[in-house]
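**Q** Here it is, the structure, as structure tokens.
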Amino acid sequence: MTQMVGKQSLQFEHAPHILGHASIVGKKEGEGPLGHLFDVVGEDALFGEKTWEAAESYLQKQAGEMAIGKAGLESWQIRYIFSGDLLAQGVATSFGLVDLNIPLFGLYGACSTIGEALSLGAMTVAADYADYVISMASSHFGSAEKEFRFPLQYAGQRPLSACWTVTGCGAFVLGKDGGKVRITGITTGKIVDYGIKDSLNMGACMAPAACDTIYQNFMDFNRQPSDYDRIFTGDLGNVGKTILLDLLKEKGFDISSQHSDCGIEIYDAERQDTHNGGSGCGCAAVTLSAYIMRQLEKKAWKRVMLVPTGALLSKVSYNEGNTVPGIAQAVVLESC
């Protein structure tokens, strides 16, 4: 039986299971609507470290170790790690995971990285290349602002279209069976570029990519929006959500009844002054672990499409006047 369906999707004959998962976030995320659901909430954004980058590495190590423990495994049993972050050369990942002593595939898909990590992890387990893998991703408000915009000491004013980078890391242990939730399929996204150059309006940059991947998922699997209990995008915020719904309606699909966005769910925009909502590799990762997985585990939802979205820019590309292309990776999760 072929596992390839349509143009861009896979439907796993033996769907990998999520055996354990963990989320660790910063103080601001802990004060949001999902705060009581996270495994660990830090008392401050540095987590006892001296730099933002070291703090993000700490998030990766702690989340990885927690997920392995919750799966009832030890680190030597994990064949591969698929992980990434937003920083240049993936330093949060490399410094954070070195002590786990597990073979690593370092990834970069911008804020869509957890979708890429789960896709590759599921493919690896489904193909019998590993019994157990970890898929994870992190971001940190302080390190991302310094990497892509201005150091926090600059105190620049943020436009209303700007997203707030989530400080957090989500980790997921995948295996062949034994979990309450499985990954039954994926739709790998294409790079979509609508020519937008405003790096402080990433919802607009990423929404076309989300539309393209969700539409292709419907085509490849021959499904309608009603076939999903929820369709979660990762990081569009309120601006990107509006654009996504309009673009999909032009293609004949209305997902307004099923759609939610991790960046909207994780913060109280008015009370926490986050403007357009949350973003960052950690946004979809921690929301999946703390919120979406719980709903699937207790069978409140039977099938969810998670679509983390990424804006593919760097400080070099932006300063050279390039556009901000987007990408989105869809992962289909189902209750066992």
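The values are calculated or read from the model by the stated rules, or taken from the named source; none is laboratory data. Predicted, not measured: the structure shown is a model, and the values here were computed from it. Every residue, glycine among them, receives a Cβ derived from its backbone with ideal geometry; neighbour counts consider all protein chains shown.
**Q** Working carefully through the options 261, 268, find the one that is surrounded by fewer than 22 Cβ atoms within 10 Å (Cβ to Cβ) and not assigned by TED's automatic domain parsing to the domain that holds residue 142.
**A** Values: 261 fails: surrounded by fewer than 22 Cβ atoms within 10 Å (Cβ to Cβ).
Residue meeting the stated conditions: 268.
**Q** Determine whether residue 102 is among the β-branched types (Val, Ile, Thr), out of contact with any Leu (no Cβ under 7 Å at 6 or more places or on another chain) and part of a loop (DSSP other than H, G, I, E, B).
**A** Values: among the β-branched types (Val, Ile, Thr): yes; out of contact with any Leu (no Cβ under 7 Å at 6 or more places or on another chain): yes; part of a loop (DSSP other than H, G, I, E, B): yes.
Criteria met by residue 102.
**Q** Among (1) within 16 Å of the chain's Cα centre (by Cα); (2) of a type in the set (A, V, I, L, M, F, W, C); (3) in the same structural domain as residue 278 (by TED's automatic domain parsing), where does residue 171 come up short?
**A** All conditions are met except number (3).
**Q** Identify, please: which residue in region 265-308 is among the β-branched types (Val, Ile, Thr) and within 21 Å of residue 59 (Cα to Cα) and is, among those, modelled with the lowest pLDDT?
**A** First, the residues of region 265-308 that are among the β-branched types (Val, Ile, Thr): 266, 274, 286-287, 292, 304, 307.
Among the residues that remain, those that are also within 21 Å of residue 59 (Cα to Cα) are: 266, 286-287, 292.
Values: 266: 95, 286: 98, 287: 98, 292: 98.
Within region 265-308, the match that is modelled with the lowest pLDDT is 266.
**Q** Among the candidates 10, 19, 34, which residue alone is of a type in the set (A, V, I, L, M) and either farther than 30 Å from residue 313 by Cβ or more than 21 Å from the chain's Cα centre (by Cα) (or both)?
**A** Numbers: 10 fails: either farther than 30 Å from residue 313 by Cβ or more than 21 Å from the chain's Cα centre (by Cα) (or both); 34 fails: either farther than 30 Å from residue 313 by Cβ or more than 21 Å from the chain's Cα centre (by Cα) (or both).
It is 19.
**Q** With (1) without any contact (Cβ under 8 Å) to a residue 60 or more places away in the chain; (2) on the phi < 0 side of the Ramachandran plot; (3) surrounded by fewer than 24 Cβ atoms within 10 Å (Cβ to Cβ) as the list, and residue 273 as the residue in question, which single condition is left unmet?
**A** It is condition (2) that residue 273 fails.
**Q** Quick one: which of 25, 41 is under 28 Å from residue 207 (Cα atoms), at pLDDT 95 or above, of a type in the set (A, V, I, L, M) and crowded, with 17+ Cβ neighbours inside 10 Å?
**A** Details: 41 fails: under 28 Å from residue 207 (Cα atoms).
Just one listed residue meets the conditions, 25.
**Q** Inside region 146-161, can you point out the residues that are modelled with pLDDT of 65 or more and either in contact with a strand residue (DSSP E or B) (Cβ under 7 Å, 6 or more places away or on another chain) or hydrophobic (A, V, I, L, M, F, W, C) (or both)?
**A** Across region 146-161, the qualifying residue is only 148.
**Q** For the subset of region 92-117 comprising residues that are of a type in the set (Val, Ile, Thr) and closer than 22 Å to residue 324 by Cβ, which member is surrounded by the fewest Cβ atoms within 10 Å (Cβ to Cβ)? I'd like the intermediate steps shown before the answer.
**A** Kept after step one, since they are of a type in the set (Val, Ile, Thr), are these residues of region 92-117: 93, 98, 102, 113-114.
Now restrict to residues that are closer than 22 Å to residue 324 by Cβ: 113-114.
Numbers: 113: 32, 114: 38.
My answer is 113.
**Q** Would you please name the residue that is surrounded by the most Cβ atoms within 10 Å (Cβ to Cβ), looking only at residues in region 57-91 that are part of a helix (DSSP H, G or I) and modelled with pLDDT under 95? Write out each step before concluding.
**A** Initial filter on region 57-91 (part of a helix (DSSP H, G or I)): 57-70, 75-77, 88-91.
Next, only the ones that are modelled with pLDDT under 95 stay: 88-91.
On the way: 88: 12, 89: 10, 90: 19, 91: 17.
My answer is 90.
**Q** Can you report the number of residues in region 28-45 which are in contact (Cβ under 8 Å) with a residue 40 or more places away in the chain and either out of contact with any strand residue (DSSP E or B) (no Cβ under 8 Å at 6 or more places or on another chain) or of a type outside the set (Gly, Ala, Ser) (or both)?
**A** Within region 28-45, the subset in contact (Cβ under 8 Å) with a residue 40 or more places away in the chain is 28-29, 31-34, 37-39, 42, 45.
With the extra rule that they be either out of contact with any strand residue (DSSP E or B) (no Cβ under 8 Å at 6 or more places or on another chain) or of a type outside the set (Gly, Ala, Ser) (or both), the set shrinks to 28-29, 31-34, 37-39, 45.
Within region 28-45, residues that are in contact (Cβ under 8 Å) with a residue 40 or more places away in the chain and either out of contact with any strand residue (DSSP E or B) (no Cβ under 8 Å at 6 or more places or on another chain) or of a type outside the set (Gly, Ala, Ser) (or both) number 10.
**Q** Now for a separate question. Those residues that are closer than 22 Å to residue 264 by Cβ, aliphatic (A, V, I, L, M) and part of a helix (DSSP H, G or I), I need them from region 8-56; list them, please.
**A** The one that is closer than 22 Å to residue 264 by Cβ, aliphatic (A, V, I, L, M) and part of a helix (DSSP H, G or I): 37.
**Q** In addition: Looking only at helices (runs of 4 or more DSSP H) that fall completely inside region 186-305, which ones have 2 or more residues that are within 28 Å of residue 323 (Cα to Cα)?
**A** On the way: elements: 202-221, 237-250, 262-265, 269-272, 281-287, 293-297.
Counting at least 2 such residues, we get 202-221, 237-250, 262-265, 281-287.
**Q** Taking only pairs six or more apart or across chains, which ones have beta-carbon atoms under 9 Å, a first residue in region 203-226 that is among the β-branched types (Val, Ile, Thr), and a second residue that is part of a helix (DSSP H, G or I) and surrounded by fewer than 22 Cβ atoms within 10 Å (Cβ to Cβ)?
**A** 214/225
**Q** Consider residue 334 against the criteria (1) modelled with pLDDT of 95 or more; (2) within 17 Å of residue 209 (Cβ to Cβ): it satisfies all of them except one. Which criterion is unmet?
**A** Failed condition: (2).
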